[in-house]
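Structure, as structure tokens:
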């Protein structure tokens with residue numbers, strides 16, 4: 001048995017109560033004000049906040065196929081550094097996990113190298129080409145219950161409907177990157193709004209996202225499939241999701257850290273280039289309100305590491321994507337809880353842990369309670385630090401947040417009862 005002593009644990013009334021937690025590799029056993037047990041390992045958490053481990057449903061680990069950008073090992077070490085104890089890995093790797101044989105090899109590699117819980121997505125279509133369905137039934141038998149072609153939208157309405165019908169049969173979820181390429185001109189690299197005109201770049205209109213999302217929501221209503229939309233960025237997307245939720249459609253959505261913290265007017269260089277792009281101030285506010293009113297269910301990262309050489313090619317030529325998994329919690333805690341009070345700590349934990357656990361069926365995750373997995377983080381909410389990309393565990397240093405001052409740094413990350421990250425404290 002292991003023991004955490006003197007941890008500040010968040011209560012429903014937004015206060016903290018100093019508690020002890022007994023746990024082992026099988027889960028949390030007991031939480032009380034004072035526990036006297038003969039522990040094999042004791043952590044003194046005095047002055048620190050204990051939270052359930054964070055869950056990120058949208059991460060690119062790049063391996064296999066693009067190990068120069070990231071590996072399963074470095075990506076999950078980065079996750080642990082950021083307080084994420086469970087991540088869901090997007091399937092745009094090489095070879096694509098669109099069949100049983102490839103997925104088995106992928107799962108084995110994850111088992112060997114990951115330092116946090118990793119749940120991979122299966123592809124919706126073979127090679128993410130929108131031409132032929134992946135082996136959804138076979139992958140489901142392996143325990144894969146969520147499917148995505150993230151990185152591209154499923155171009156064909158008929159193909160998406162067939163995928164939804166196959167997933168409905170397997171009680172699996174469609175997790176969609178919605179992007180209609182008919183709306184995106186060659187060379188487009190940021191939102192079509194104010195800032196792209198100032199900088200002289202071709203813009204990507206919001207319809208590129210919400211038009212295909214609306215198509216999907218109509219199909220989800222027709223088929224009854226569980227549907228989740230990735231990295232929402234446009235105010236119209238928020239409105240459509242609300243409308244279809246109100247109709248009773250089994251749908252949900254996520255918003256990224258960068259779309260909550262930044263908008264088009266912040267764009268300066270390729271470290272502000274991501275897909276979907278940072279949109280207008282009104283879109284940014286709609287995303288925040290969508291979280292607060294329950295339209296948007298959770299916060300994700302879309303951790304997308306690239307090499308420095310790739311990101312040094314300028315706005316037009318450099319690839320889309322940034323990293324934020326190591327900085328997400330401090331950034332959000334500092335801006336939305338500590339500085340502005342727009343979120344309570346309870347809400348932030350809900351968006352980053354409980355909500356994704358509930359939606360994606362992780363029944364033993366997302367809460368600090370006896371019977372739940374021993375996935376926990378200790379956080380120092382009082383110490384100020386400066387984000388330094390050179391200290392990232394990720395191979396990717398492509399962040400717009402380098403140099404930002406934040407509170408809420410992760411001190412210790414525990415996965416399945418084992419410490420996988422511990423800050424070197426002076």
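Residues considered: 320, 351. Of these, the only one that is in contact (Cβ under 8 Å) with a residue 24 or more places away in the chain and in contact with a helix residue (DSSP H, G or I) (Cβ under 7 Å, 6 or more places away or on another chain) is 351.
The set of residues in region 315-342 being assigned to a loop (DSSP other than H, G, I, E, B) and more than 18 Å from the chain's Cα centre (by Cα) consists of 318, 319, 340, 341, 342. Inspect region 378-388 for any residue being free of Cβ contacts under 8 Å to residues at least 60 places away in the same chain, over 22 Å from residue 231 (Cβ atoms) and within 20 Å of the chain's Cα centre (by Cα) and give the result as yes or no. No: zero hits.
For region 257-277, filtered to residues that are closer than 16 Å to residue 210 by Cβ and crowded, with 24+ Cβ neighbours inside 10 Å, the residue that is nearest to the chain's Cα centre (by Cα) is 259. Confirm whether residue 382 is more than 29 Å from residue 318 (Cβ to Cβ), surrounded by fewer than 17 Cβ atoms within 10 Å (Cβ to Cβ) and out of contact with any strand residue (DSSP E or B) (no Cβ under 8 Å at 6 or more places or on another chain). In short, yes.
Has region 99-111 got any residue that is assigned to a loop (DSSP other than H, G, I, E, B), over 18 Å from residue 325 (Cα atoms) and at pLDDT 95 or above?
Pass one, region 99-111, residues assigned to a loop (DSSP other than H, G, I, E, B): 99.
After this cut, where a residue has to be over 18 Å from residue 325 (Cα atoms) as well, the list is 99.
If we keep only those that are at pLDDT 95 or above too, we end up with 99.
The answer is yes; a qualifying residue exists.
In the condition set (1) under 18 Å from the mean Cα position of the chain (by Cα); (2) within 18 Å of residue 210 (Cβ to Cβ); (3) not in a loop (DSSP other than H, G, I, E, B), residue 282 is compliant with all but (1).
Looking only at residues of region 234-256 that are touching a helix residue (DSSP H, G or I) at 6+ places or on another chain (Cβ under 7 Å) and assigned to a helix (DSSP H, G or I), we find that the one that is surrounded by the fewest Cβ atoms within 10 Å (Cβ to Cβ) is 236.
Note on region 132-151: residues that are free of Cβ contacts under 8 Å to residues at least 60 places away in the same chain and either surrounded by 17 or more Cβ atoms within 10 Å (Cβ to Cβ) or not in a loop (DSSP other than H, G, I, E, B) (or both) total 12.
The values are calculated or read from the model by the stated rules, or taken from the named source; none is laboratory data. Computed from a prediction, not measured in an experiment: that's the story for all the values here. Note that we place each Cβ from the backbone using ideal geometry, even for glycine, and neighbour counts take in every protein chain shown.
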